[in-house]
Structures are given as structure tokens and as C-alpha cells.
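Structure, as C-alpha cells:
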Amino acid sequence: TMRLVDGGRRMGQQVVIIKQCDIIDSDYDHIITLKNQYWEYPYDSQRKWIEDNLSDDDIHMLLFEETCAVAYLSVCHLTCIVDGKKGFACGIGSVCVKDTVKGKGYGRKIIEAANKEIISQKKSGFLLCHSALIPFYKKCGWRECRFGKVMINNKIFEEIVMCINCNLDTLNLIEFNKNF
């Protein structure tokens, strides 16, 4: 099922949300074209990663300017264990903006749509971040999380984790059940 955020078009822009279980070939084409600007892998490899790592109820968010896909991200439903306590959260992944339109606010717009989605589900959101992108995500309402150790799919993650709608401060260990 596809749905539009904010009721549809606004000034030629729309954010389209597609559940993984409803994705079709043309959706994959838009997503992989955008992702391939940042993560250069063959089409089949990109598609296989999506199919292997996103569950049926995870969603894709595409921002269109008229008929052109200009930004993308995924929102994955996660099981997390925080210092031994099981919970549920959302993981934001594969955030990307079309090279030719960088600096026009599309990244912020799609992150804001994801923020609304996370908050509407009354969940915390997490994203894995390179240090150069911290200022951007902070402008979008995210903050750095401090963990002694982060595990993703039973592997240690040593980069930066950011969060939104989250009251976690300094924790010893957080474990996520899958890549996002």
C-alpha cells in the first residue's frame, strides 16, 4: 500500500511511503538509482540487500519533486535490547538525496517526514551516522546517543548512533536485531 504524507502534493513535492511487502520494480528502480550515488553496488546486489534486510512491515520513503525521485530513506522496525531490557524502536537507514539537487532542503524534508512517522508510532528512532553528518541531523531534531557498546545483528558497531524521541542517556549496551 502506498500513501502520501501530509495528504499529497505541496508545491510539486510529495513524500510517498511504501511498505516493503508492497514494493514493485519501478519503486526499486527509484530507490537503487538514488542509493547508488552513495553506495556503488550492482543493481541486483542493492536489491538483494533490501530484500534481505527489510521486513514486510518496514517502509520506504521517497520524496518526489513532480515525477522525479529526489530523496530516499528507509524506516525499519527494530527489536532492541537496552541494558538487558527488550524494547521496540525504528531505525532510519540509507538516507540519500539526488546529487543534482543537494542543498535544496530535500534531505531535511524527508528526515522530517520520518520523524513524524516515528513519533506517531510512539517509538524511539535510531540512525547510524558519520561524524560529518552530525550537524545536519541535529538540525533535524536528532541527538547523539552515548553507549558503551552497540551491537547490530551480533556485530560490534563502532560509529556514531543518533536518536530521536528517546529518553536514553548514557547506557552500557544496546543491541539491535538487524541492519538498518
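The values are calculated or read from the model by the stated rules, or taken from the named source; none is laboratory data. Values in this document were obtained by computation on a predicted structure and should not be read as measured data. Here the Cβ is made from the backbone with ideal geometry for all residues, glycine too, and neighbour counts use every protein chain on show. The accessibility values were calculated without ligands, DNA or RNA, using every heavy atom of the protein model including side chains. Shrake-Rupley method; radii C 1.70, N 1.55, O 1.52, S 1.80 Å.
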Residue that is most open to solvent (accessible area, probe 1.4 Å) [pool: residues in the stretch 90-108 that are of a type in the set (Gly, Ala, Ser), free of Cβ contacts under 8 Å to residues at least 40 places away in the same chain and not in a helix (DSSP H, G or I)]: 103
Where residue 138 falls short, out of the listed (1) in contact with a Leu (Cβ under 6 Å, 6 or more places away or on another chain); (2) in a helix (DSSP H, G or I): (1)
Residue list for the stretch 42-58, filter: at pLDDT 95 or above and either open to solvent by less than 70 Å² (accessible area, probe 1.4 Å) or assigned to a loop (DSSP other than H, G, I, E, B) (or both): 42, 45, 46, 47, 50, 54, 55, 56, 57, 58
What pairs can you find where one residue is in the stretch 33-56 and over 15 Å from residue 73 (Cα atoms), the other is assigned to a helix (DSSP H, G or I), and their Cβ atoms are less than 6 Å apart, with a gap of 6+ or different chains? 43/32; 56/20; 56/21
State all residues of the stretch 125-180 that are closer than 20 Å to residue 59 by Cα and open to solvent by 80 Å² or more (accessible area, probe 1.4 Å); if no residue qualifies, say none. none
For the stretch 74-86, state whether one or more residues are open to solvent by 10 Å² or more (accessible area, probe 1.4 Å), under 14 Å from the mean Cα position of the chain (by Cα) and over 15 Å from residue 35 (Cβ atoms). yes
Filtering the stretch 94-113 down to residues that are of a type outside the set (A, V, I, L, M) and touching a helix residue (DSSP H, G or I) at 6+ places or on another chain (Cβ under 8 Å) yields 94, 96, 98, 107, 108
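To keep it simple, each residue is scored yes or no on (1) modelled with pLDDT of 90 or more; (2) of a type outside the set (D, E, K, R); (3) over 25 Å from residue 14 (Cα atoms).
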| residue | (1), (2), (3) |
| --- | --- |
| 94 | yes, yes, no |
| 107 | yes, yes, no |
| 115 | yes, yes, no |
| 121 | yes, yes, no |
| 131 | yes, yes, yes |
| 143 | yes, no, yes |
| 160 | yes, yes, yes |
| 179 | no, yes, yes |
When residues of the stretch 22-37 are limited to those that are loosely packed, with under 12 Cβ neighbours inside 10 Å and of a type outside the set (D, E, K, R), the one farthest from residue 96 (Cα to Cα): 24
With the checklist (1) farther than 17 Å from residue 118 by Cα; (2) of a type outside the set (A, V, I, L, M, F, W, C); (3) at pLDDT below 95 in hand, flag the one item residue 28 doesn't pass. (3)
For the stretch 141-175, the count of residues that are part of a loop (DSSP other than H, G, I, E, B) and small (Gly, Ala, Ser) equals 1
Going through the stretch 1-24 one residue at a time, which ones are modelled with pLDDT of 95 or more and of a type in the set (D, E, K, R)? 19, 22
